[in-house]
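Just so you know, all these numbers are worked out from the coordinates, no wet-lab data involved. Note that the structure is predicted; figures quoted are calculated from it, not measured. All Cβ positions, even for glycine, are placed from backbone atoms using ideal geometry, and neighbour counts span all protein chains on display.
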Amino acid sequence: GTAYSVGDMSVELIDKIKAASKICVRKTTTPIRVDRPAISKLSITRTTNTVVAIGSSTGGTQALQEVLTALPANSPGIVIVQHMPESFTKAFAMRLNTICAMEVKEAEDNDRVTVGRVLIAPGNKHMLLNRSGAVYYVQVKAGPLVDRHRPSVNVLFKSVAKYAGKNAIGVILTGMGADGAKGIKLMFDQGAKTIAQDEKSCVVFGMPKEAIKTGAIKEVDILPLDKIAARILSMA
């Protein structure tokens, strides 16, 4: 179906409350601004050889922060679907931009995927990868819920499988449900490298578990959260 029943919503809400109770909440301090080297016009137009696609849900905001803050400014271009309401994605991206070496922004239609840039799908819109010659870019569009989600990890990953093929890395982080499992299997079948967060470090081991069940992730690439950034860089 394309809509939640009251029962579905109740079960999901209870699960999310349980999951939230396990999250270690740290006192927030004013984020430290990262000084980035001045970006030359050349680097702005520099296409990425590898596209990193990340999907996450419950517990994902903290997980994404840990991964992205560990990546250097010259990391390959990253596209992310985090299940989050539309009123939050822009602020989330802006906050990450203040603490990451990479540029982080809420994706807009036709934004280019370049070295040193992270694009986060806006809430309530689907984000797809596309390609024109050697240049990757995203399409941000309205559309029906896909497996009850908008944005959908599967929608993003399927487009990455189609347009980036073996030049992609797929990453599934903590989250409830199965979004991303079908898409990461398609990526794997097209030659992409894949990573899943391990059960111990997940807030909810739903999405990674379902992705692993497809056979699309090698056992050596089921990793604790604090090892994922380094693995992305070694694969790229």
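Shape call for segment 49-235 from the C-alpha gyration tensor, a ≥ b ≥ c root eigenvalues: rounded (a/c under 1.5), prolate (a/b greater than b/c) or oblate?
In terms of gyration-tensor shape, rounded.
From the backbone phi of segment 121-126, what are the Karplus-calculated ³J(HN,Hα) couplings (6.51 cos²θ - 1.76 cosθ + 1.60, θ = phi - 60°) in whole Hz, Gly and Pro given as x?
With coefficients 6.51, -1.76 and 1.60, one gets 4, x, x, 6, 10, 7 Hz.
Hey, what's the Kirkwood Rh for segment 137-186 if you take every pair of different alpha carbons, in angstrom?
Evaluated over segment 137-186, this radius sits at 11.5 Å.
What are the ³J(HN,Hα) couplings of segment 103-115, residue after residue, when phi is run through the Karplus curve with 6.51, -1.76, 1.60 and θ = phi - 60°? Round to Hz, x for glycine and proline.
These are the phi-based 3J(HN,Hα) values: 6, 10, 8, 5, 5, 10, 3, 6, 4, 7, 9, 10, 3 Hz.
What list of ³J(HN,Hα) couplings, whole Hz, do you get for segment 142-150 from phi and the Karplus terms 6.51, -1.76, 1.60, once you set θ to phi - 60° and write x for glycine and proline?
The phi angles translate into 6, x, x, 4, 10, 6, 6, 10, 7 Hz.
Where does segment 53-136 land on Rg/Rh, using Cα atoms and the Kirkwood Rh?
On the Cα set of segment 53-136, Rg over Rh gives 0.94.
For segment 49-235, what relative contact order do you get, as a whole percent, if you take Cα pairs closer than 8 Å and at least 6 residues apart?
Over segment 49-235, the number comes to 22 percent.
What's the ranking of 150-157, 137-144, 209-216, 174-181 by average number of surrounding C-beta atoms within 10 Å, highest first?
Order by mean packing, descending: 150-157, 174-181, 209-216, 137-144.
Can you tell me the length gained on complete extension of the stretch R95 to K166, counting 0.36 nm per residue apart and subtracting the Cα distance?
Stretched fully, the R95-K166 segment lengthens by 22.4 nm.
Along the three principal axes, how long is segment 130-235 when you take its alpha carbons, biggest first, rounded to the nearest angstrom?
39, 32, 22 Å, listed from the longest principal axis down.
Long-range amide H contacts for A168: which residues qualify at under 5 Å (H placed 1.01 Å from N, peptide plane, sequence gap of 5 or more or a different chain)?
Amide H neighbours of A168, under 5 Å, 5+ apart: V51, K193.
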